[in-house]
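Have a look at the structure below before the remarks.
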Amino acid sequence: MRAVLSKTAGGPETLVVEDVLDPTPKAGEVVIEVKAVGINYPDTLIIEDKYQFRPERPFSPGAEVAGVVEAVGEGVKGVRKGDRVIAVPGWGGLVERLAVRAETVIPIPDAMSFEEAAALVMTYGTSYYALKDRAQLKAGETLLVLGAAGGVGAAAVELGKAMGARVVAAASTNDKVQFALEMGADNGLIYPSGPMDKAAQKELSGEFKLATGRDGADVVYDAVGGDYADPALRAMDWNGRYLVVGFPAGIPSLPLNLTLLKSVSVIGVFWGAAVMRDPKAHAANMAELMQMYADGKIKPRVSKTFPLEKAGEAIQALGDRQAMGKVVVTI
Ligand SMILES: NC(=O)c1ccc[n+]([C@@H]2O[C@H](COP(=O)([O-])OP(=O)(O)OC[C@H]3O[C@@H](n4cnc5c(N)ncnc54)[C@H](OP(=O)(O)O)[C@@H]3O)[C@@H](O)[C@H]2O)c1
């Protein structure tokens with residue numbers, strides 16, 4: 001079978017497509033014929049050895065896949081050949097066939113395409129865990145989403161609305177803000193795309209306050225970091241919750257005096273670790289997300305697809321800040 005491999009640390013241009021041996025299922029495993037692979041920002045980091053996990057080389061990036069069960073190992077119960085399933089191996093997904101533990105696969109509802117299924121778990125899983133379990137977002141609260149047209153950002157916009165919040169979307173271009181408004185955001189603003197000095201940060205904070213209205217945001221969903229964090233923290237309401245999700249724009253330092261003045265909680269979000277520590281809570285969240293999909297409250301937006309041999313270009317699109325919603329590799 002064909003596999004996209006990282007053999008040396010570096011950008012997407014270092015990835016190669018090679019023939020490797022087909023996997024066979026060990027006891028308790030199933031082999032999935034992969035149809036679609038969701039691309040996430042961590043794919044840009046893992047191939048450069050900049051992610052929390054550093055797999056041994058050669059390895060394939062690709063954290064989440066959707067496909068059809070092709071073979072079932074000894075002792076597997078509840079999963080059958082021909083089932084349409086999602087798997088989230090973390091890496092190893094940009095391949096034609098993948099062996100995973102049977103108990104980790106999630107059935108795909110009939111109405112959901114493989115592309116949507118490959119675009120659902122990491123982004124909506126992360127954002128639902130962040131908004132529901134970590135921030136305890138309530139109906140009627142104001143949610144400010146930074147990077148609102150990106151993968152996790154767009155999911156946060158849609159989930160924020162589904163949870164009854166008033167959602168303000170912030171992103172670096174007019175097209176991205178429009179995209180977030182189409183996802184359901186109530187209000188949107190464009191922020192500068194480059195680094196900001198103190199004056200520009202102060203101005204942005206004023207714009208965040210204006211857009212969130214009243215006394216500021218109850219919850220900030222920050223999947224961007226960098227120079228955007230300080231202005232967002234300054235635009236928070238009393239008892240605000242600041243969600244630390246990701247840092248494509250750089251790891252920021254926050255002035256802690258601001259958290260005291262507004263009684264703000266800064267809350268770390270590490271979805272992957274939370275899933276491993278509490279698989280039951282993750283399964284419950286996934287069931288709720290599938291119900292929201294069935295009810296038409298959420299729908300992953302796949303803005304672009306790439307074939308397997310162009311998987312590097314798909315990853316590059318995220319590194320270049322080009323992607324909106326989700327980018328998916330189809331096989
Ligand atoms: N904490 C967790 O458990 C968890 C789980 C999944 C992902 N993440 C993290 O969340 C972040 C977003 O992931 P994603 O998959 O949603 O990525 P994505 O689709 O590429 O979105 C990232 C967004 O960040 C903004 N951005 C700002 N500066 C950027 C830069 N220099 N390069 C690229 N993007 C930049 C872009 O929006 P604008 O152009 O509008 O600014 C972009 O839409 C990543 O840091 C990822 O590692 C965290």
Problem set entry | the chain: relative contact order as a whole-number percent, Cα under 8 Å and 6+ apart | 17 percent
Exercise. Too long at a 26 Å Cα-Cα cut-off: which of K77/K161; K176/K297; K35/K81; K77/K299; K26/K326; K161/K198?
Worked result: K77/K161; K77/K299; K26/K326; K161/K198
Exercise. Nearest 20 debye, what's the magnitude of the dipole of the chain about its Cα centre given +1 on Lys and Arg Cβ and -1 on Asp and Glu Cβ?
Worked result: 620 debye
Seminar exercise, completed: Cβ-Cβ cut-off under 11 Å around D215, Lys and Arg +1, Asp and Glu -1: the net charge is +1
For this session: Taking the chain as the reference, fit the longest principal axis to its C-alpha atoms, fit the long axis of helix 279-294 to the helix C-alpha atoms, and give the angle between the two in degrees, 0 to 90, nearest 10.
Result: 80 degrees
Problem set entry | Dipole axis of the stretch 225-331 (+1 Lys, Arg; -1 Asp, Glu on Cβ), positive-most option in M290, A311, V266 | M290
Exercise. How big is Rg to Rh over the stretch 1-51, alpha-carbon atoms, Rh as the Kirkwood inverse-mean-distance radius?
Worked result: 1.03
Exercise. Which residue, chosen from S193, A223, M236, occupies the Cα position most advanced towards the positive end of the dipole of the stretch 160-238, where the dipole is computed from +1 (Lys, Arg) and -1 (Asp, Glu) charges on Cβ about the Cα centre?
Worked result: M236
Problem set entry | Rounded to the nearest 20 debye, dipole of the stretch 167-260 from Cβ charges on Lys, Arg, Asp, Glu | 180 debye
Problem set entry | Cβ-based charge dipole, the chain, positive-most Cα from V16, L143, W91 | L143
Exercise. Near K262, which lysines are there with a Cα under 18 Å away, not counting those fewer than 8 places off in the same chain?
Worked result: K202, K209
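Readers should treat all values here as calculations from the given coordinates under stated rules, not as data from a laboratory. These figures come from a predicted structure and were not determined experimentally. Cβ coordinates were reconstructed from backbone atoms using ideal geometry, including for glycine residues, and neighbour counts include every protein chain displayed.
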